[in-house]
Amino acid sequence: ASVLAWNPDYVLLDEPTLGQDFKFKEKLRRILTDLHSCGKTIILVSHDIEFVADLNCKVTVMANGKILCQGPASEVLSDEKIVSEGKLDFPQLTRAFKNLDMFSSQRIFSVEQAKNIISEKIKAKKR
């Protein structure tokens, strides 16, 4: 935290959520969001897929020292091939919907997206 007093252009964090509880992660997420909105570049190394998914930022997935994919978290972390090759898990919401037959072909990443798709299914059944 004292490094931020120097007002750096880049902030590098290595596994900042390791061993942290939900309350700390939420505070960290707000800090990172604020820093990014102030024009700071955040480089975050993490295996905490849920945390990265909630940030919904640009991500880079690496495996064996090579870049597999770069792009928006919502696209990269819901791509079955990339998740498999990167030896990652899907975010919980994505995984839950992949396990439901009626939604298995759709890339669901956010609560808002899930709500909209469920609402559409309900409306379609009422017709």
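The values are calculated or read from the model by the stated rules, or taken from the named source; none is laboratory data. Keep in mind the model is a prediction, meaning the values are calculated, not measured. For the accessible areas, the whole protein counts, side chains as well, though only heavy atoms, and no ligand, DNA or RNA atoms are used. Shrake-Rupley method; radii C 1.70, N 1.55, O 1.52, S 1.80 Å.
A compact table of results
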{"quantity": "Carbon/sulfur fraction of accessible area - region 1-96, other protein chains in place, 1.4 Å, %", "calculated": "54 percent"}
{"quantity": "Which listed pairs, of 23/58; 66/115; 25/123; 27/123; 27/121, have C-alpha distances above 31 Å, in listed order", "calculated": "66/115; 25/123; 27/123; 27/121"}
{"quantity": "Among beta bridges that DSSP assigns inside the chain, antiparallel share in %, nearest 5", "calculated": "55 percent"}
{"quantity": "C-alpha long axis of helix 111-126 to longest principal axis of the chain, angle in °", "calculated": "10 degrees"}
{"quantity": "Between helix 22-37 and the chain: long-axis angle, C-alpha atoms, 0 to 90°, nearest 10", "calculated": "70 degrees"}
{"quantity": "Surface per residue (accessible, 1.4 Å probe) for the chain, Å²", "calculated": "72 Å²"}
